Amino acid sequence: MIPRPRKMKLTEGTAPSEVPVKERLCPQLGVEEYRIYISPKQILIDGSGKTGFFYARTTLEQLRMIYGEDLPCMEIEDGPAYSYRSFQIDCARHYFSVDELKKMIRMSAEFKLNHFHWHISDDQGWRIESKCYPRLHEIGSVRAGDHFGNYHSDQKSGGYYTRDEVKDIVDYCKELGIEVVPEIDMPGHVTAILAAYPNLSCLGQPVEVGMKAGIFKELFCAGREETFTFIEKLLDDLMDLFPGKYFHIGGDEAPKERWNGCENCQKRMKEEGLKNAQELQGYFCNRIASYLQSKGRIPIVWNEAVYGGNLDKGVVVQLWTEDKDNQIQAHLYKGGTAILAMVENCYCDYPYGMHSLKDMYDLETAPAEFGEHGEASVLGMECLVWTEFIRDNERLEELCWPRFAALAEVGWCKKECLGYEDFRERLTKLFALFEKYGVHATKLEGWDPDDETAAKQTEEFQMNFSKEDREEARRAQNDI
Ligand SMILES: [Zn+2]
């Protein structure tokens, strides 16, 4: 089974397919914990509520897939190692339909992932119908063409989710024990928002919704008060749509060129006693974070937001790159918490030849650079798919599956996992699950490509970036 139950004991006998499955309410169990007792006369499942019973039934479904209808008698006692086991889908670079998202969500629930990080705003698109700022979906959801990597089209493209569709997704997730974590990336990755409301940038000049991949220069102006007024009203509207505990406010890849050249931003730095633009980003994130906290939410940011050294310790840091000047460690030592999402383990937009299924499974859950507080500061982990180069559902699915399942097991079992070979063998037996849910998962021969195939896939992927793209990215990275 995947994730592998944490305690299992075979007992005497077999339970024929017709034995009844009974639920027993056990309030002392945690929300995600469950127990299963399979005996010749009945199958008894214990849970403290909907999620526990749902998890017990997914485990039973997998047992039937492995053993057939008659099950060997056994006792299972199960619950997760980490409370945050997440999957992210970028719907800004490419829009995916509600049906496709539901398929991905349903499959993720099967492996007991419990947070859906929904990336709904970026340079290349804003994807949610907005009540307070309609230009966001009217202007920000459509771009004039697609020029991602070596793909070129001058066709308009885009789309957005209506408020009813968002509610539908949130409700669907809730039924499956999944909380939706929306991400409005800021202060960078906001070109689509600025295309609709250019007054919020430092230059205040019109920009177009992004059409290519990469790091964009324009940021929200951290010096103008109207920026914060706008964001707070926007967040109020979004919090109505997304009732969950966590809210992601981005914070990655924000080059500081505009802030360094902006009168308003410089004035803000002086007034607030901030030494540099990194600290200004800390100030910016803290202001948005404290607004969310005042509404009872827990903000999450990408790790670049800690580099100023002044990020509030209540803000959860999502790690995707390496630590810089031990700032992440310092944040954790202050009592902060982290979600693991390292590129080389967790990013599924790369071909398997670059990030194999084994790489995903081998995610280090206690990174050495975290120091002694490392392990305790980790809330959980996330598998992600960025979609600059993914234009159709089939490609999305084959890149994510079965890699999402590997991350799901690491998050559920932690160090008790029996190792990659054991996982791989169990996965082979459960492959029919992907067929059952109509998911185009990558088949066994593609999971861990040999060196030659890996080199070929790497070369093909690298063709998405020209020499100029690489230069530009390097320059932007140095300014983050
Ligand atoms: Zn500014």
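The values are calculated or read from the model by the stated rules, or taken from the named source; none is laboratory data. Fair warning: this is a prediction, and the values are worked out from it, not measured in the lab. Cβ coordinates were reconstructed from backbone atoms using ideal geometry, including for glycine residues, and neighbour counts include every protein chain displayed. With ligands, DNA and RNA removed, areas are computed over all heavy atoms of the protein, side chains included. Shrake-Rupley method; radii C 1.70, N 1.55, O 1.52, S 1.80 Å.
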Rounded to the nearest 10 degrees, the helix 451-462 long axis (Cα) sits at an angle to the longest Cα principal axis of the chain of 30 degrees
Ordering 97, 294, 141 by the accessible surface of their heavy atoms, 1.4 Å probe, largest first, yields 294, 97, 141
Could you give me the ³J(HN,Hα) list for the stretch 473-478, computed from phi with Karplus coefficients 6.51, -1.76, 1.60 and θ = phi - 60°, whole Hz, x at Gly and Pro?
5, 5, 4, 5, 4, 5
Using a 1.4 angstrom probe, figure out how much accessible area the stretch 54-156 has per residue, in square angstrom, rounded to the nearest whole.
30 Å²
Taking the chain as the reference, fit the longest principal axis to its C-alpha atoms, fit the long axis of helix 225-241 to the helix C-alpha atoms, and give the angle between the two in degrees, 0 to 90, nearest 10.
20 degrees
Given that compact globular proteins tend to follow 2.2 N^0.38 Å, what is the ratio of the alpha-carbon Rg of the stretch 16-125 to that value?
1.33
On a straight-distance basis, which lysines could pair with residue 358 in a cross-link, Cα separation under 25 angstrom, same-chain partners fewer than 8 positions away excluded?
7, 103, 112, 414, 415, 429, 436, 443, 456
Between residue 294 and residue 263, what is the label-point separation in nm under the 7 Å Cα-to-beta-carbon projection?
2.9 nm
How big is the accessible area of residue 423 in square angstrom, nearest 10, if you roll a 1.4 angstrom probe over the protein chains?
0 Å²
Binning at 10 angstrom from zero up to the longest distance, how are the C-alpha pair distances of the chain distributed in percent?
4, 19, 30, 26, 14, 6, 2, 0
Spatially proximal lysines relative to residue 267 (Cα-Cα < 17 Å; intrachain offsets below 8 disregarded):
256, 275
To the nearest 10 square angstrom, how much accessible area does residue 50 have with a 1.4 angstrom probe?
120 Å²
Residue by residue through the stretch 96-102, which ³J(HN,Hα) values in whole Hz follow from phi under the Karplus form 6.51 cos²θ - 1.76 cosθ + 1.60 (θ = phi - 60°), with glycine and proline marked x?
10, 5, 4, 4, 5, 5, 4
Using only the alpha-carbon atoms, how far is helix 163-175 inclined from the longest principal axis of the chain? Give it as 0 to 90 degrees, nearest 10.
40 degrees
Return the sequence-ordered ³J(HN,Hα) values of the stretch 378-385 in whole Hz as given by the Karplus equation 6.51 cos²θ - 1.76 cosθ + 1.60 applied to θ = phi - 60°, using x for Gly and Pro.
7, 7, x, 9, 9, 9, 9, 9
Under 19 Å from residue 41, Cα to Cα: lysines that are on another chain or at least 8 residues apart:
9, 22
Shape verdict for the stretch 108-160, please, from the Cα gyration tensor: rounded (a/c under 1.5), prolate (a/b greater than b/c) or oblate.
oblate
A 1.4 Å probe over the protein heavy atoms gives the stretch 62-190 a carbon and sulfur accessible-area percentage of 45 percent
So between residue 65 and residue 366, what do we pick up on full extension, going 0.36 nm a residue minus the alpha carbon distance?
105.0 nm
Quickly work out the residue 39-to-residue 322 label distance, labels modelled 7 Å from Cα along the C-beta direction, and quote it in nm with one decimal.
5.7 nm
Residue separation between residue 168 and residue 454 times 0.36 nm, minus their alpha-carbon distance, gives in nm 99.0 nm
222 nm mean residue ellipticity, helices alone, for the chain (DSSP H n ≥ 4; -39,500 (n - 2.57); rounded to 500):
-11000 deg cm²/dmol
